[in-house]
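Encoded as structure tokens, the structure appears first; notes follow it.
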Amino acid sequence: MHKIHDKEFYEEDFSFERIMSGYEEYEGDDAMNTAYCSMQNVISALNRLRYMYKISKNKKYWYAMIQLLPSSYNQKRTVMLNYEVLANMYKSRKNHKLDEWHVLCDWIESLPYSELITGNLIEEKDR
């Protein structure tokens with residue numbers, strides 16, 4: 001977060017593809033159009049606050065940027081997990097309704113010795 005002002009904000013920096021991907025198909029749907037326009041306004045406001053902070057170094061703009069930043073903003077994080085932790089995550093999230101958890105579970109299934117995590121035994125091929 002302390003480097004949040006280093007780069008300009010773009011649509012690609014946020015996870016709101018469900019609003020964006022079907023924007024054309026939402027023609028006439030005022031609620032979805034409002035959601036799309038609201039996100040565009042937030043991005044515009046964030047970039048204005050970023051600009052004001054960069055030229056003035058006044059922390060009020062930085063704090064406003066942090067407080068306005070939606071939870072859909074994608075941030076990179078580094079985590080280290082062992083197979084036991086992944087097994088608990090997999091068990092708890094494999095049937096979750098959010099697609100992001102399914103992406104993680106698919107990745108877990110692709111790991112070496114994933115059967116230790118998932119409990120799914122890999123059938124041995126004929127030798």
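Sort out which residues of region 53-74 are in a loop (DSSP other than H, G, I, E, B) and touching a residue at least 12 places away in the same chain (Cβ under 8 Å), and write them in order of number. Break it down into steps so the answer makes sense when it comes.
Initially, region 53-74 is screened for residues in a loop (DSSP other than H, G, I, E, B), giving 57-58, 69-72, 74.
Residues satisfying the conditions are Leu69, Pro70, Ser72, Asn74.
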Next item on the list: Might you let me know whether region 80-87 holds any residue that is over 14 Å from the mean Cα position of the chain (by Cα), modelled with pLDDT of 90 or more, under 27 Å from Ser38 (Cα atoms) and not polar (S, T, N, Q)?
Entry: no
Next item on the list: Hey, could you check region 49-100 for residues that are exposed (fewer than 12 other Cβ atoms within 10 Å of the Cβ) and hydroxyl-bearing (Ser, Thr, Tyr) and say which is farthest from Ser15 (Cα to Cα)?
Entry: Ser56
Margin query: I need a count of the residues in region 92-116 that are more than 21 Å from the chain's Cα centre (by Cα), at pLDDT 90 or above and not in a loop (DSSP other than H, G, I, E, B).
Written below: 1
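The values are calculated or read from the model by the stated rules, or taken from the named source; none is laboratory data. As the structure is a computational prediction, the values presented were derived from the model and not from experiment. Because the Cβ atoms are built from the backbone with ideal geometry, glycine has one as well, and the counts that use them run over all protein chains shown.
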